[in-house]
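Some notes on the structure that comes next.
Laboratory data are not the source of any read-out in this text; all were calculated from the coordinates shown. Nothing here was measured: the structure is a model prediction, and the numbers come from that model. No Cβ is skipped: glycine too gets one built from the backbone with ideal geometry, and neighbour counts run over all protein chains shown.
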Amino acid sequence: MTIFSNLTSMEHEQLVFCHDKSTGLKAIIAIHDTTLGPALGGCRMWNYETEEDAIQDVLRLSRGMTYKAAITGLNLGGGKSVIIGDPSMKSEALFKVFGRFIDSLNGRYITAEDVNMRVEDMEQVATETPYVSGVSSGSGDPSPITALGVYHGIRASVAHRLGKNDLKGLKIAVQGVGNVGTYLCELLHKDGVELFVADINNDRVANAKDKYGAKSASLDSIHKLDLDVFAPCALGAILNDKTIPELNTPIVAGGANNQLLHEEAHSKMLQELGILYAPDYVINAGGLVNVYQELKGYDEVGVRHQAEKIYHTLTSIYKEAAASGTTTILASNKIAEKRLEQARSIKVLGNGLDNQLWYKPNN
Ligand code: NAD
């Protein structure tokens, strides 16, 4: 892999490698685009098989954040970070060092929770830098609002594809019942959905069976079930050459980031099979809305209202995709890119030489 060719093809601004021998910290921060504001995106802790896997993941995730903020109408750029390693290596010192690296970027990147990162971990990061959101003194865990947005996104997808205005009696499979997946099960259960779940963690499956009457499915069969909606809520790249032909559902709509292994090819494959795909970064934007509000002064009612708006954002994307014959994610990308282009083209007005030199003559 050549790093700069990746940065060029995905249009990233900056990739930061962080290392600390004493704590064992190996982290990567990716800043994709800061046109609309500071790059905000969660930190994922994962034991990647190779360093290349970690780089690819952080590049893809950070790009997704740019598009997510743009389509959701937030004034934020896109960024993400990964800490390479197992959650067993968590320590106060490790998170403090990570916080110092974030602080060195002076606000260009703001972090939050993602897979395997908890509010307590972020609070340790926050002892070293103010550029942290999702701490308990602020908006806290974003997962309930992410799940709420996914729930409204599922409603929009069902209305568009199946012509139904409620979810009662529908069969929905949730792959991954961690933070987002479990809150989603709670909402779907209240609506009378027949739930199926799978997770590598048996306790979480047992919890979903106990509380929400879910039936368990094996890890490699959950996506093959006869369903109305398949909701991936674990890790990315679940929609690929192998799994897509095995799907038996008219809708894929879930909270996981980067569900398509290859955005263009695999969104086309879904389209050709008549499967409606809810673009991941649109349907799971509730968490970003939550942390954005934290930066502006938290208002819970406003946050819930914005998460509900995901219903309308997705409906417009579906209509646009149907009208232009393109895939839903490509239609969504186009809308997001238009907002970014407009922001870039806004003229910068000079404010007096003393205040800001936006052009320095070379003499
Ligand atoms: P989490 O770590 O709490 O949950 C992930 C769950 O997936 C865990 O229970 C894990 O055991 C399970 N899992 C891992 N591999 C699996 C596999 N192969 N099959 C089935 N289950 C598997 O993380 P989360 O915060 O719930 O996030 C889930 C997804 O949603 C991630 O892709 C994340 O990037 C995305 N997301 C989360 C938020 C948020 O607010 N937390 C916001 C936007 C997007």
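Would you please put 173-181, 194-202 in order of how densely packed they are, using the mean number of other Cβ atoms within 10 angstrom per residue and starting with the highest?
173-181, 194-202
Using the Kirkwood radius over C-alpha pairs as Rh, can you work out the diffusion coefficient of region 143-333 via Stokes-Einstein at 4 °C, viscosity 1.567 mPa s, in µm² per second?
Details: Rh = 16.3 Å.
My calculation gives 79 µm²/s for D.
Mind putting a number on the dipole of the chain about its Cα centre? Charges go on the C-beta only, +1 for Lys and Arg and -1 for Asp and Glu, and I need it in Debye to the nearest 20. Don't skip to the end; give the middle numbers.
Numbers: 35 positive and 43 negative charges, 166 e Å.
About 800 debye.
By how many nm would the segment from SER218 to ASP86 grow when fully extended, if each residue of separation counts as 0.36 nm and the alpha-carbon distance is taken off? List each step's numbers first, then the result.
On the way: separation 132, 0.36 × 132 = 47.52 nm, distance 2.40 nm.
Using 0.36 nm per residue and subtracting the Cα-Cα distance, I get 45.1 nm.
What number, rounded to the nearest 500 deg cm²/dmol, is the helix-based mean residue ellipticity at 222 nm of the chain, given -39500 (n - 2.57) per DSSP H run of at least four residues and division by all its residues?
The helix contribution divided over the chain gives -14000 deg cm²/dmol.
Is there a pair in LYS190/LYS309; LYS164/LYS338; LYS215/LYS309; LYS242/LYS334 whose C-alpha atoms are over 23 Å apart, and which pairs would that be?
Over 23 Å Cα-Cα: LYS164/LYS338; LYS215/LYS309; LYS242/LYS334.
For region 84-222, compute the orientation-averaged projected area of the C-alpha convex hull (one quarter of its surface), in nm².
Mean projected area of the Cα convex hull: 10.3 nm².
Could you give the dipole magnitude of region 143-333 about its Cα centre, charging the beta-carbon of Lys and Arg +1 and that of Asp and Glu -1, in debye to the nearest 20?
Value, rounded to 20: 340 debye.
Rg and Dmax of the chain, using alpha carbons, in Å: what are they?
When restricted to Cα atoms, the chain yields Rg and Dmax of 20.4, 74 Å.
So which lysines pass the test for LYS21, namely a Cα distance under 23 Å, with those fewer than 8 places away in the same chain ruled out?
Qualifying lysines at Cα under 23 Å: LYS80, LYS90, LYS96.
I need the phi-derived Karplus couplings for region 109-119: 6.51 cos²θ - 1.76 cosθ + 1.60, θ = phi - 60°, integer Hz, Gly and Pro marked x.
Those phi angles translate into 10, 10, 9, 6, 7, 8, 3, 6, 10, 10, 4 Hz.
By how many degrees, between 0 and 90 and to the nearest 10, does the Cα long axis of helix 328-345 differ from the longest principal axis of the chain?
The helix 328-345 is inclined about 20 degrees to the chain.
Roughly how tilted is helix 202-212, in degrees to the nearest 10 and between 0 and 90, from the longest Cα axis of the chain?
Orientation of helix 202-212: about 60 degrees from the principal axis.
Name the residue, out of GLY77, GLY169, GLY255, whose mean-square fluctuation peaks in a Gaussian network model built on the chain with Cα pairs under 10 Å.
GLY169
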